[in-house]
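Input: a single structure, listed below in C-alpha coordinates.
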Amino acid sequence: MRYLTKTAAAENIATQCLILGVFDDKHPGASITGLSATARKSIQMALKKGDLGEKSASTLMLYGLSGFKAERVLLLCLGEKKSFDGRKLASAMSTAVALLDKNSTRDCTLVMPEELQKNGEAYSATRDLVIAAEAQLYRFGQCKSKKNHPQKPLGKLTLLTQDRKRANTLKKALKHGSAIAAGMGLAKDLANLPGNICTPSYLADTARKLGRKSTRLKATALTEKQMQRLGMGALLSVSRGSREPAKLIILEYRGGKENSRPVVLVGKGLTFDAGGISIKPSANMDEMKYDMCGGASVLGTLQACAELELPLNVIGIVPSSENLPDGDANKPGDIVTSMAGLTIEILNTDAEGRLILCDALTYAERFKPAAVIDIATLTGACVVALGHHTTGLLGNDDKLADELLQAGKDIHDPAWRLPMNEDYARQLDSNFADLANIGGKGAGTITAACFLGNFTEKYKWAHLDIAGTAWKSGSDKGATGRPVPLLMQMLLKRSKQTE
Ligand code: BES
Ligand code: MN
Ligand code: ZN
(Lines give C-alpha, C1' and ligand atoms only; values in the text may rest on other atoms or scores of the structure.)
(Ligands and ions follow the chains in the order given, each with its own letter.)
Protein backbone atom coordinates (compact mmCIF):
# COMPACT_ATOMS: atom_id res chain seq x y z
CA MET A 1 0.00 0.00 0.00
CA ARG A 2 1.08 3.62 -0.58
CA TYR A 3 1.31 5.94 2.39
CA LEU A 4 1.17 9.74 2.32
CA THR A 5 0.81 12.63 4.71
CA LYS A 6 -1.29 15.73 4.33
CA THR A 7 -1.90 18.87 6.33
CA ALA A 8 -5.45 20.08 5.74
CA ALA A 9 -8.79 20.33 7.49
CA ALA A 10 -10.43 16.90 7.75
CA GLU A 11 -13.77 18.01 6.37
CA ASN A 12 -12.20 19.34 3.17
CA ILE A 13 -10.46 16.13 2.24
CA ALA A 14 -11.81 14.49 -0.90
CA THR A 15 -11.22 10.88 0.08
CA GLN A 16 -13.22 7.72 -0.39
CA CYS A 17 -13.13 7.17 3.34
CA LEU A 18 -12.21 9.46 6.20
CA ILE A 19 -11.30 7.55 9.36
CA LEU A 20 -12.02 9.26 12.66
CA GLY A 21 -10.91 7.82 15.98
CA VAL A 22 -13.46 7.80 18.79
CA PHE A 23 -12.97 6.83 22.44
CA ASP A 24 -15.14 4.39 24.35
CA ASP A 25 -17.05 7.15 26.10
CA LYS A 26 -18.34 8.11 22.64
CA HIS A 27 -16.00 11.03 22.66
CA PRO A 28 -14.36 11.71 19.35
CA GLY A 29 -11.35 13.13 21.16
CA ALA A 30 -9.20 15.77 19.60
CA SER A 31 -9.82 14.41 16.10
CA ILE A 32 -12.91 16.54 15.64
CA THR A 33 -11.83 19.72 17.37
CA GLY A 34 -10.76 21.26 14.08
CA LEU A 35 -14.06 20.52 12.38
CA SER A 36 -16.76 23.02 11.51
CA ALA A 37 -19.89 23.11 13.65
CA THR A 38 -21.89 21.32 10.93
CA ALA A 39 -19.39 18.52 10.59
CA ARG A 40 -19.05 18.14 14.34
CA LYS A 41 -22.77 17.95 14.75
CA SER A 42 -23.08 15.18 12.16
CA ILE A 43 -20.57 13.08 14.04
CA GLN A 44 -22.10 13.74 17.42
CA MET A 45 -25.53 12.80 16.14
CA ALA A 46 -24.26 9.52 14.77
CA LEU A 47 -22.52 8.74 18.03
CA LYS A 48 -25.60 9.55 20.06
CA LYS A 49 -27.59 6.88 18.26
CA GLY A 50 -25.31 4.37 19.93
CA ASP A 51 -24.55 2.14 16.93
CA LEU A 52 -20.80 2.23 17.50
CA GLY A 53 -19.60 -0.49 19.87
CA GLU A 54 -17.49 0.40 22.87
CA LYS A 55 -14.81 -2.18 22.24
CA SER A 56 -11.54 -1.09 20.70
CA ALA A 57 -11.61 -1.50 16.89
CA SER A 58 -15.43 -1.37 16.68
CA THR A 59 -16.44 0.49 13.55
CA LEU A 60 -19.38 2.44 12.21
CA MET A 61 -19.49 3.41 8.54
CA LEU A 62 -21.43 6.56 7.70
CA TYR A 63 -22.39 7.72 4.23
CA GLY A 64 -23.20 11.19 2.90
CA LEU A 65 -22.40 12.91 6.15
CA SER A 66 -23.16 16.62 5.98
CA GLY A 67 -20.19 18.94 6.37
CA PHE A 68 -17.70 16.44 4.86
CA LYS A 69 -16.19 16.17 1.41
CA ALA A 70 -15.37 12.51 2.05
CA GLU A 71 -17.58 9.86 0.42
CA ARG A 72 -17.70 7.93 3.68
CA VAL A 73 -16.71 8.54 7.26
CA LEU A 74 -15.57 5.55 9.30
CA LEU A 75 -15.83 5.98 13.05
CA LEU A 76 -13.22 3.76 14.65
CA CYS A 77 -13.34 3.03 18.35
CA LEU A 78 -9.92 3.40 19.98
CA GLY A 79 -10.99 2.04 23.37
CA GLU A 80 -10.43 3.77 26.66
CA LYS A 81 -9.01 7.27 26.45
CA LYS A 82 -6.82 6.87 29.54
CA SER A 83 -4.91 3.84 28.26
CA PHE A 84 -4.76 4.91 24.62
CA ASP A 85 -1.38 4.54 22.90
CA GLY A 86 0.23 3.86 19.55
CA ARG A 87 -0.31 0.12 19.86
CA LYS A 88 -4.06 0.59 20.27
CA LEU A 89 -4.18 2.80 17.22
CA ALA A 90 -2.20 0.28 15.16
CA SER A 91 -4.41 -2.62 16.17
CA ALA A 92 -7.67 -0.71 15.58
CA MET A 93 -6.34 0.45 12.23
CA SER A 94 -5.52 -3.06 11.16
CA THR A 95 -9.22 -3.90 11.59
CA ALA A 96 -10.18 -0.82 9.62
CA VAL A 97 -7.76 -1.67 6.84
CA ALA A 98 -9.15 -5.21 6.56
CA LEU A 99 -12.67 -3.81 6.32
CA LEU A 100 -11.79 -1.23 3.66
CA ASP A 101 -9.78 -3.75 1.66
CA LYS A 102 -12.87 -5.95 1.37
CA ASN A 103 -15.30 -3.22 0.35
CA SER A 104 -14.71 -1.01 -2.68
CA THR A 105 -12.63 1.67 -0.98
CA ARG A 106 -9.30 2.21 -2.71
CA ASP A 107 -8.06 5.18 -0.75
CA CYS A 108 -8.60 6.33 2.79
CA THR A 109 -7.46 9.09 5.10
CA LEU A 110 -6.86 8.79 8.82
CA VAL A 111 -7.08 11.83 11.06
CA MET A 112 -4.06 11.21 13.30
CA PRO A 113 -5.27 11.41 16.90
CA GLU A 114 -3.65 14.44 18.52
CA GLU A 115 -3.56 12.56 21.82
CA LEU A 116 -0.63 10.50 20.56
CA GLN A 117 1.36 13.27 19.16
CA LYS A 118 1.43 15.01 22.49
CA ASN A 119 3.08 11.97 24.00
CA GLY A 120 5.80 12.16 21.41
CA GLU A 121 4.64 8.78 20.20
CA ALA A 122 3.91 9.85 16.66
CA TYR A 123 6.97 8.18 15.15
CA SER A 124 6.56 4.74 16.70
CA ALA A 125 2.76 4.79 16.44
CA THR A 126 2.94 5.54 12.74
CA ARG A 127 5.54 2.87 12.13
CA ASP A 128 3.51 0.32 14.12
CA LEU A 129 0.45 1.28 12.13
CA VAL A 130 2.13 0.61 8.78
CA ILE A 131 3.53 -2.72 9.98
CA ALA A 132 0.11 -3.77 11.30
CA ALA A 133 -1.67 -2.66 8.11
CA GLU A 134 0.76 -4.50 5.86
CA ALA A 135 0.46 -7.64 8.00
CA GLN A 136 -3.30 -7.42 7.50
CA LEU A 137 -2.97 -7.01 3.73
CA TYR A 138 -0.35 -9.76 3.33
CA ARG A 139 -1.43 -12.70 1.21
CA PHE A 140 0.51 -15.69 0.00
CA GLY A 141 -1.04 -16.71 -3.29
CA GLN A 142 2.04 -17.81 -5.22
CA CYS A 143 1.10 -21.48 -5.19
CA LYS A 144 -2.66 -21.19 -5.81
CA SER A 145 -3.93 -21.50 -9.36
CA LYS A 146 -6.80 -19.08 -8.69
CA LYS A 147 -5.77 -15.89 -6.96
CA ASN A 148 -8.34 -14.94 -4.37
CA HIS A 149 -7.57 -11.23 -4.20
CA PRO A 150 -10.16 -8.51 -3.54
CA GLN A 151 -11.68 -6.85 -6.61
CA LYS A 152 -10.89 -3.35 -5.46
CA PRO A 153 -8.06 -3.58 -2.96
CA LEU A 154 -7.18 -0.73 -0.64
CA GLY A 155 -4.15 0.95 -2.17
CA LYS A 156 -3.56 4.23 -0.38
CA LEU A 157 -3.62 5.54 3.17
CA THR A 158 -3.10 9.23 3.93
CA LEU A 159 -2.30 10.45 7.42
CA LEU A 160 -3.78 13.81 8.21
CA THR A 161 -2.14 16.15 10.66
CA GLN A 162 -2.50 19.86 11.36
CA ASP A 163 1.16 20.43 12.03
CA ARG A 164 3.71 20.64 9.21
CA LYS A 165 6.67 19.78 11.40
CA ARG A 166 4.86 16.71 12.65
CA ALA A 167 4.20 15.74 9.06
CA ASN A 168 7.95 15.27 8.60
CA THR A 169 8.12 12.90 11.54
CA LEU A 170 5.17 10.98 10.12
CA LYS A 171 6.80 10.82 6.68
CA LYS A 172 9.96 9.31 8.10
CA ALA A 173 7.97 6.83 10.17
CA LEU A 174 5.96 5.82 7.09
CA LYS A 175 9.15 5.23 5.16
CA HIS A 176 10.70 3.16 7.94
CA GLY A 177 7.48 1.22 8.52
CA SER A 178 7.09 0.44 4.82
CA ALA A 179 10.67 -0.81 4.51
CA ILE A 180 10.34 -2.98 7.61
CA ALA A 181 7.00 -4.36 6.40
CA ALA A 182 8.48 -5.10 2.96
CA GLY A 183 11.41 -6.89 4.61
CA MET A 184 8.92 -8.94 6.63
CA GLY A 185 6.98 -9.61 3.44
CA LEU A 186 10.08 -11.01 1.74
CA ALA A 187 10.88 -13.13 4.80
CA LYS A 188 7.29 -14.45 4.88
CA ASP A 189 7.18 -15.23 1.16
CA LEU A 190 10.42 -17.21 1.31
CA ALA A 191 9.31 -19.04 4.43
CA ASN A 192 5.82 -19.89 3.15
CA LEU A 193 7.21 -21.37 -0.06
CA PRO A 194 7.44 -25.15 0.15
CA GLY A 195 10.74 -26.98 0.45
CA ASN A 196 10.59 -28.23 -3.13
CA ILE A 197 10.60 -24.66 -4.43
CA CYS A 198 12.54 -22.76 -1.77
CA THR A 199 15.79 -24.76 -1.86
CA PRO A 200 19.26 -23.53 -0.87
CA SER A 201 19.79 -22.54 -4.52
CA TYR A 202 16.51 -20.59 -4.50
CA LEU A 203 17.62 -18.65 -1.43
CA ALA A 204 20.96 -17.94 -3.12
CA ASP A 205 19.16 -16.69 -6.25
CA THR A 206 16.97 -14.46 -4.09
CA ALA A 207 20.07 -12.93 -2.51
CA ARG A 208 21.59 -12.37 -5.95
CA LYS A 209 18.40 -10.62 -7.08
CA LEU A 210 18.62 -8.30 -4.07
CA GLY A 211 22.25 -7.66 -4.99
CA ARG A 212 21.24 -6.54 -8.47
CA LYS A 213 18.55 -4.19 -7.17
CA SER A 214 20.85 -2.02 -5.04
CA THR A 215 24.35 -0.73 -5.69
CA ARG A 216 25.10 -1.00 -1.98
CA LEU A 217 24.25 -4.72 -1.81
CA LYS A 218 26.60 -7.41 -3.01
CA ALA A 219 25.62 -11.08 -3.01
CA THR A 220 27.81 -14.16 -3.27
CA ALA A 221 27.07 -17.81 -2.62
CA LEU A 222 29.81 -20.30 -1.85
CA THR A 223 29.48 -23.74 -3.43
CA GLU A 224 30.10 -27.01 -1.60
CA LYS A 225 33.51 -27.20 -3.24
CA GLN A 226 34.47 -23.77 -1.90
CA MET A 227 33.16 -24.71 1.54
CA GLN A 228 35.23 -27.88 1.40
CA ARG A 229 38.37 -25.82 0.79
CA LEU A 230 37.50 -23.73 3.87
CA GLY A 231 37.17 -26.90 5.94
CA MET A 232 33.47 -26.51 6.73
CA GLY A 233 33.10 -30.15 7.72
CA ALA A 234 30.18 -29.59 10.08
CA LEU A 235 28.01 -27.72 7.58
CA LEU A 236 28.82 -30.11 4.72
CA SER A 237 28.06 -33.19 6.83
CA VAL A 238 24.43 -32.04 7.08
CA SER A 239 24.00 -31.54 3.36
CA ARG A 240 25.60 -34.88 2.46
CA GLY A 241 22.24 -36.55 3.00
CA SER A 242 20.53 -34.25 0.50
CA ARG A 243 20.51 -34.03 -3.28
CA GLU A 244 20.21 -30.24 -3.17
CA PRO A 245 23.64 -28.64 -2.99
CA ALA A 246 24.29 -26.58 0.14
CA LYS A 247 25.03 -22.86 -0.21
CA LEU A 248 26.72 -20.36 2.02
CA ILE A 249 25.02 -17.12 1.05
CA ILE A 250 26.76 -13.84 1.81
CA LEU A 251 24.91 -10.58 1.33
CA GLU A 252 26.96 -7.46 2.09
CA TYR A 253 25.35 -4.08 2.62
CA ARG A 254 27.84 -1.21 2.59
CA GLY A 255 26.18 2.01 3.71
CA GLY A 256 28.67 3.10 6.36
CA LYS A 257 32.28 4.28 6.27
CA GLU A 258 34.65 1.89 4.61
CA ASN A 259 36.54 1.12 7.80
CA SER A 260 33.52 0.94 10.10
CA ARG A 261 33.03 -2.54 11.50
CA PRO A 262 29.87 -4.28 10.30
CA VAL A 263 27.04 -5.86 12.20
CA VAL A 264 26.96 -9.46 10.97
CA LEU A 265 23.64 -11.33 10.88
CA VAL A 266 23.85 -15.11 10.52
CA GLY A 267 20.53 -16.84 9.70
CA LYS A 268 19.82 -20.57 9.77
CA GLY A 269 18.65 -21.55 6.28
CA LEU A 270 17.52 -25.18 6.61
CA THR A 271 15.07 -25.32 3.73
CA PHE A 272 13.66 -28.59 5.04
CA ASP A 273 14.48 -30.40 8.26
CA ALA A 274 13.25 -34.01 8.34
CA GLY A 275 15.71 -34.70 11.15
CA GLY A 276 18.01 -36.91 9.06
CA ILE A 277 18.59 -40.46 10.35
CA SER A 278 17.23 -39.28 13.73
CA ILE A 279 14.03 -38.73 11.78
CA LYS A 280 11.24 -36.57 13.15
CA PRO A 281 7.68 -37.88 13.76
CA SER A 282 5.51 -37.26 10.69
CA ALA A 283 2.81 -35.15 12.37
CA ASN A 284 3.26 -31.52 11.31
CA MET A 285 6.55 -32.29 9.65
CA ASP A 286 5.49 -29.98 6.80
CA GLU A 287 6.20 -27.10 9.17
CA MET A 288 9.89 -27.90 8.96
CA LYS A 289 9.90 -25.99 5.67
CA TYR A 290 10.01 -23.05 8.09
CA ASP A 291 13.43 -24.09 9.34
CA MET A 292 14.93 -21.40 7.08
CA CYS A 293 13.07 -18.53 8.76
CA GLY A 294 16.26 -17.21 10.36
CA GLY A 295 17.91 -16.98 6.96
CA ALA A 296 14.78 -15.40 5.45
CA SER A 297 14.76 -12.76 8.20
CA VAL A 298 18.37 -11.91 7.36
CA LEU A 299 17.53 -11.37 3.68
CA GLY A 300 14.47 -9.30 4.64
CA THR A 301 16.51 -7.17 7.02
CA LEU A 302 19.22 -6.50 4.43
CA GLN A 303 16.60 -5.55 1.87
CA ALA A 304 15.19 -3.02 4.36
CA CYS A 305 18.68 -1.63 5.16
CA ALA A 306 19.25 -1.03 1.46
CA GLU A 307 15.82 0.51 0.95
CA LEU A 308 16.44 2.96 3.80
CA GLU A 309 20.08 3.52 2.83
CA LEU A 310 21.14 3.17 6.47
CA PRO A 311 24.56 4.67 7.20
CA LEU A 312 25.94 1.36 8.49
CA ASN A 313 27.69 -1.72 7.23
CA VAL A 314 25.66 -4.90 7.66
CA ILE A 315 26.64 -8.37 6.45
CA GLY A 316 24.16 -11.21 6.11
CA ILE A 317 25.39 -14.81 6.11
CA VAL A 318 22.94 -17.62 5.44
CA PRO A 319 24.20 -21.20 5.62
CA SER A 320 21.63 -23.17 3.70
CA SER A 321 20.99 -26.90 3.36
CA GLU A 322 18.38 -29.63 3.69
CA ASN A 323 18.47 -32.26 6.45
CA LEU A 324 17.21 -35.60 5.13
CA PRO A 325 17.75 -39.30 5.79
CA ASP A 326 19.91 -40.96 3.13
CA GLY A 327 22.56 -43.63 2.70
CA ASP A 328 25.15 -40.88 2.79
CA ALA A 329 23.60 -38.88 5.63
CA ASN A 330 25.15 -38.26 9.05
CA LYS A 331 24.72 -41.22 11.41
CA PRO A 332 24.43 -40.95 15.19
CA GLY A 333 27.96 -41.29 16.54
CA ASP A 334 29.65 -39.80 13.47
CA ILE A 335 32.43 -37.35 14.24
CA VAL A 336 33.05 -34.35 11.98
CA THR A 337 35.60 -31.54 12.04
CA SER A 338 34.36 -27.95 11.95
CA MET A 339 36.08 -25.05 10.17
CA ALA A 340 37.31 -23.84 13.57
CA GLY A 341 39.10 -27.18 14.03
CA LEU A 342 36.86 -28.42 16.85
CA THR A 343 35.65 -31.99 16.37
CA ILE A 344 31.97 -32.72 16.95
CA GLU A 345 30.30 -36.01 17.85
CA ILE A 346 26.87 -36.04 16.20
CA LEU A 347 24.71 -37.88 18.73
CA ASN A 348 21.47 -36.72 17.14
CA THR A 349 21.31 -35.84 13.46
CA ASP A 350 18.25 -33.67 14.15
CA ALA A 351 20.44 -31.17 16.01
CA GLU A 352 21.68 -30.00 12.60
CA GLY A 353 21.09 -26.26 12.88
CA ARG A 354 24.06 -25.78 15.19
CA LEU A 355 26.21 -27.81 12.77
CA ILE A 356 25.57 -25.50 9.85
CA LEU A 357 25.66 -22.38 12.02
CA CYS A 358 28.99 -23.12 13.69
CA ASP A 359 30.90 -23.00 10.41
CA ALA A 360 29.05 -19.84 9.34
CA LEU A 361 29.93 -18.25 12.70
CA THR A 362 33.60 -19.06 12.15
CA TYR A 363 33.35 -17.62 8.65
CA ALA A 364 31.92 -14.40 10.18
CA GLU A 365 35.29 -13.68 11.87
CA ARG A 366 36.77 -12.47 8.60
CA PHE A 367 34.49 -9.44 8.56
CA LYS A 368 35.98 -8.11 11.85
CA PRO A 369 32.44 -7.64 13.15
CA ALA A 370 31.29 -5.00 15.64
CA ALA A 371 28.74 -7.64 16.69
CA VAL A 372 27.39 -10.93 15.38
CA ILE A 373 23.75 -11.91 15.81
CA ASP A 374 22.57 -15.32 14.73
CA ILE A 375 18.90 -15.99 14.15
CA ALA A 376 17.67 -19.59 14.11
CA THR A 377 14.66 -21.84 14.53
CA LEU A 378 17.02 -23.85 16.68
CA THR A 379 15.19 -25.75 19.40
CA GLY A 380 11.74 -27.15 20.14
CA ALA A 381 12.71 -26.54 23.77
CA CYS A 382 12.46 -22.79 23.16
CA VAL A 383 8.78 -23.22 22.26
CA VAL A 384 8.29 -25.08 25.54
CA ALA A 385 10.05 -22.35 27.50
CA LEU A 386 8.64 -19.19 25.89
CA GLY A 387 5.72 -20.32 23.72
CA HIS A 388 4.92 -18.40 20.57
CA HIS A 389 5.07 -14.86 21.88
CA THR A 390 8.67 -14.31 22.80
CA THR A 391 11.97 -14.99 21.07
CA GLY A 392 14.76 -16.62 23.09
CA LEU A 393 17.88 -14.46 23.50
CA LEU A 394 21.30 -15.66 24.64
CA GLY A 395 24.84 -14.47 24.13
CA ASN A 396 28.25 -13.50 25.48
CA ASP A 397 27.84 -9.73 25.82
CA ASP A 398 25.46 -8.03 28.26
CA LYS A 399 25.41 -4.72 26.42
CA LEU A 400 24.51 -6.33 23.10
CA ALA A 401 21.84 -8.46 24.79
CA ASP A 402 20.32 -5.39 26.47
CA GLU A 403 20.36 -3.52 23.18
CA LEU A 404 18.40 -6.32 21.49
CA LEU A 405 15.94 -6.66 24.38
CA GLN A 406 15.23 -2.94 24.21
CA ALA A 407 14.86 -3.01 20.43
CA GLY A 408 12.35 -5.83 20.75
CA LYS A 409 10.38 -3.86 23.33
CA ASP A 410 10.42 -0.67 21.27
CA ILE A 411 8.94 -2.33 18.20
CA HIS A 412 6.74 -4.93 19.93
CA ASP A 413 8.77 -7.89 18.72
CA PRO A 414 9.80 -9.09 22.16
CA ALA A 415 12.69 -11.30 23.25
CA TRP A 416 13.66 -12.69 26.64
CA ARG A 417 17.15 -13.57 27.81
CA LEU A 418 18.11 -17.02 29.10
CA PRO A 419 21.31 -17.73 31.07
CA MET A 420 24.47 -19.41 29.79
CA ASN A 421 27.38 -20.71 31.83
CA GLU A 422 29.94 -23.49 32.24
CA ASP A 423 27.50 -25.79 34.06
CA TYR A 424 25.30 -25.91 30.97
CA ALA A 425 28.28 -26.04 28.61
CA ARG A 426 29.53 -29.21 30.34
CA GLN A 427 26.36 -30.99 29.23
CA LEU A 428 28.00 -31.07 25.79
CA ASP A 429 31.07 -33.03 26.89
CA SER A 430 31.82 -35.99 24.62
CA ASN A 431 33.88 -39.12 25.31
CA PHE A 432 35.15 -39.19 21.76
CA ALA A 433 35.28 -35.67 20.31
CA ASP A 434 35.83 -32.08 21.48
CA LEU A 435 32.11 -31.69 21.99
CA ALA A 436 28.80 -33.42 21.36
CA ASN A 437 26.02 -31.82 19.33
CA ILE A 438 23.37 -32.39 21.99
CA GLY A 439 23.34 -31.64 25.72
CA GLY A 440 21.06 -34.34 27.03
CA LYS A 441 17.98 -33.74 29.17
CA GLY A 442 17.04 -30.26 30.26
CA ALA A 443 17.73 -26.71 29.05
CA GLY A 444 17.78 -27.62 25.36
CA THR A 445 17.74 -23.99 24.24
CA ILE A 446 20.64 -23.09 26.50
CA THR A 447 22.83 -26.06 25.61
CA ALA A 448 22.24 -25.32 21.90
CA ALA A 449 23.46 -21.76 22.52
CA CYS A 450 26.43 -23.11 24.51
CA PHE A 451 27.33 -25.23 21.51
CA LEU A 452 27.38 -22.11 19.31
CA GLY A 453 29.27 -20.24 22.03
CA ASN A 454 32.32 -22.42 21.31
CA PHE A 455 32.54 -20.74 17.90
CA THR A 456 31.90 -17.11 18.88
CA GLU A 457 34.66 -16.35 21.36
CA LYS A 458 36.39 -13.84 19.08
CA TYR A 459 33.55 -11.29 18.97
CA LYS A 460 30.47 -9.90 20.69
CA TRP A 461 27.69 -12.32 19.96
CA ALA A 462 23.97 -12.74 20.50
CA HIS A 463 21.74 -15.65 19.53
CA LEU A 464 18.02 -15.36 18.79
CA ASP A 465 16.08 -18.64 18.99
CA ILE A 466 12.95 -17.99 16.92
CA ALA A 467 11.57 -21.56 16.97
CA GLY A 468 8.34 -20.33 18.59
CA THR A 469 7.96 -16.93 16.94
CA ALA A 470 8.88 -17.36 13.27
CA TRP A 471 5.60 -18.92 12.15
CA LYS A 472 2.08 -19.75 13.25
CA SER A 473 0.51 -23.20 13.14
CA GLY A 474 -3.14 -24.24 12.83
CA SER A 475 -5.77 -22.56 10.70
CA ASP A 476 -3.75 -19.38 10.25
CA LYS A 477 -0.57 -21.28 9.47
CA GLY A 478 1.97 -18.91 8.02
CA ALA A 479 5.24 -17.13 8.60
CA THR A 480 5.27 -14.05 10.85
CA GLY A 481 8.25 -12.16 9.43
CA ARG A 482 9.79 -12.00 12.91
CA PRO A 483 12.36 -10.93 14.00
CA VAL A 484 12.85 -8.47 11.12
CA PRO A 485 11.26 -5.67 13.22
CA LEU A 486 13.59 -6.29 16.19
CA LEU A 487 16.68 -6.38 13.98
CA MET A 488 15.64 -3.26 12.07
CA GLN A 489 14.90 -1.34 15.25
CA MET A 490 18.38 -2.20 16.51
CA LEU A 491 20.00 -1.12 13.24
CA LEU A 492 17.90 2.07 12.99
CA LYS A 493 18.90 2.96 16.53
CA ARG A 494 22.56 2.29 15.79
CA SER A 495 22.29 4.63 12.83
CA LYS A 496 20.46 7.23 14.98
CA GLN A 497 17.40 7.22 12.75
CA THR A 498 14.67 6.71 15.37
CA GLU A 499 12.76 9.48 17.06
N1 BES B 1 14.51 -27.12 13.53
C2 BES B 1 14.50 -27.88 14.72
C3 BES B 1 13.95 -27.10 15.91
C4 BES B 1 12.46 -26.88 15.93
C5 BES B 1 11.59 -27.91 16.26
C6 BES B 1 11.94 -25.64 15.70
C7 BES B 1 10.23 -27.68 16.31
C8 BES B 1 10.58 -25.41 15.77
C9 BES B 1 9.73 -26.43 16.08
C10 BES B 1 15.92 -28.31 15.08
O11 BES B 1 16.73 -28.61 14.01
C12 BES B 1 15.79 -29.54 15.90
O13 BES B 1 15.35 -30.52 15.38
N14 BES B 1 16.17 -29.47 17.16
C15 BES B 1 16.05 -30.56 18.04
C16 BES B 1 17.29 -30.60 18.90
C17 BES B 1 17.41 -31.84 19.74
C18 BES B 1 17.64 -33.05 18.86
C19 BES B 1 18.54 -31.65 20.71
C20 BES B 1 14.80 -30.37 18.91
O21 BES B 1 14.53 -29.23 19.30
O22 BES B 1 14.09 -31.33 19.12
MN1 MN C 1 16.54 -30.63 13.41
ZN1 ZN D 1 16.34 -27.70 12.27
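The values are calculated or read from the model by the stated rules, or taken from the named source; none is laboratory data. The structure displayed is predicted, hence computed values, not measured ones. When we count neighbours, we look across all protein chains shown, and the Cβ atoms used for this are built from the backbone with ideal geometry, even at glycine.
Laid out as a table, the results:
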item: Subset tally (residues that are crowded, with 16+ Cβ neighbours inside 10 Å and within 12 Å of LYS493 (Cβ to Cβ)) for the range 390-415; result: 6
item: Among the residues listed as LEU230, LEU265, the single one being crowded, with 18+ Cβ neighbours inside 10 Å, outside the structural domain of ALA9 (by TED's automatic domain parsing) and not small (Gly, Ala, Ser); result: LEU265
item: Within the range 313-339, tally of residues that are small (Gly, Ala, Ser), surrounded by fewer than 22 Cβ atoms within 10 Å (Cβ to Cβ) and more than 15 Å from ligand 1 (Cβ to nearest atom); result: 1
item: Members of the range 268-315 that are within 11 Å of ligand 3 (Cβ to nearest atom) and within 16 Å of the chain's Cα centre (by Cα); result: LYS268, GLY269, TYR290, ASP291, MET292, CYS293, GLY294
item: In the range 310-328, the residues that are away from ligand 2 (no atom under 16 Å from the Cβ) and part of a strand (DSSP E or B); result: ASN313, VAL314, ILE315, GLY316, ILE317, VAL318
item: Lone qualifier among ALA340, ALA351 - being touching a Phe, Trp or Tyr at 6+ places or on another chain (Cβ under 7 Å), in a loop (DSSP other than H, G, I, E, B) and either within 16 Å of ligand 3 (Cβ to nearest atom) or in the same structural domain as ASP189 (by TED's automatic domain parsing) (or both); result: ALA340
item: Residue satisfying condition, being within 16 Å of ligand 2 (Cβ to nearest atom) and of a type in the set (Ser, Thr, Tyr), within set THR343, THR391, THR349, THR362; result: THR349
item: Unique match (being assigned by TED's automatic domain parsing to the domain that holds LEU100 and within 24 Å of the chain's Cα centre (by Cα)) among GLY211, GLY155; result: GLY155
item: Residue match in the range 206-216 (condition: in contact with a Leu (Cβ under 8 Å, 6 or more places away or on another chain), at pLDDT 95 or above and farther than 14 Å from THR271 by Cβ); result: yes
item: Which numbered condition GLU365 fails, given (1) within 27 Å of the chain's Cα centre (by Cα); (2) within 12 Å of ligand 3 (Cβ to nearest atom); result: (2)
item: Options THR109, THR95, THR126, THR169: the member that is over 30 Å from SER297 (Cβ atoms) and among the polar types (S, T, N, Q); result: THR109
item: Pairs, first assigned by TED's automatic domain parsing to the domain that holds GLY444 in the range 377-388, second more than 16 Å from ligand 3 (Cβ to nearest atom) and outside any loop (DSSP other than H, G, I, E, B), C-beta under 8 Å, six or more apart; result: LEU386/TRP416; HIS388/LYS472
item: Enumeration of residues in the range 425-462 that are outside any helix (DSSP H, G or I), small (Gly, Ala, Ser) and under 17 Å from VAL264 (Cα atoms); result: ALA462
item: So LEU302, is it more than 16 Å from ligand 2 (Cβ to nearest atom) and either outside any loop (DSSP other than H, G, I, E, B) or without any contact (Cβ under 8 Å) to a residue 60 or more places away in the chain (or both); result: yes
item: Hits in the range 249-289 - residues which are without any contact (Cβ under 8 Å) to a residue 24 or more places away in the chain and small (Gly, Ala, Ser); result: SER282, ALA283
item: Members of the range 424-449 found to be within 16 Å of ligand 3 (Cβ to nearest atom) and free of Cβ contacts under 8 Å to residues at least 12 places away in the same chain, listed by number; result: none
item: Counted residues, the range 143-165 - those being in contact with a Leu (Cβ under 9 Å, 6 or more places away or on another chain) and surrounded by 13 or more Cβ atoms within 10 Å (Cβ to Cβ); result: 8
item: Failed item, numbered, when LYS331 is tested on (1) assigned to a loop (DSSP other than H, G, I, E, B); (2) over 22 Å from LEU400 (Cβ atoms); (3) away from ligand 3 (no atom under 14 Å from the Cβ); (4) in contact with a strand residue (DSSP E or B) (Cβ under 7 Å, 6 or more places away or on another chain); result: (4)
item: Residue, nearest to ALA448 (Cα to Cα), within the range 382-419, restricted to residues that are in a loop (DSSP other than H, G, I, E, B) and within 16 Å of ligand 1 (Cβ to nearest atom); result: LEU418
item: Among the candidates LEU217, LEU170, residue that is assigned by TED's automatic domain parsing to the domain that holds LEU347, touching a residue at least 40 places away in the same chain (Cβ under 8 Å), over 30 Å from ALA329 (Cβ atoms) and within 23 Å of the chain's Cα centre (by Cα); result: LEU217
item: From the options GLU258, GLU224, GLU287, GLU252, residue that is among the acidic types (Asp, Glu), within 16 Å of ligand 2 (Cβ to nearest atom) and surrounded by fewer than 22 Cβ atoms within 10 Å (Cβ to Cβ); result: GLU287
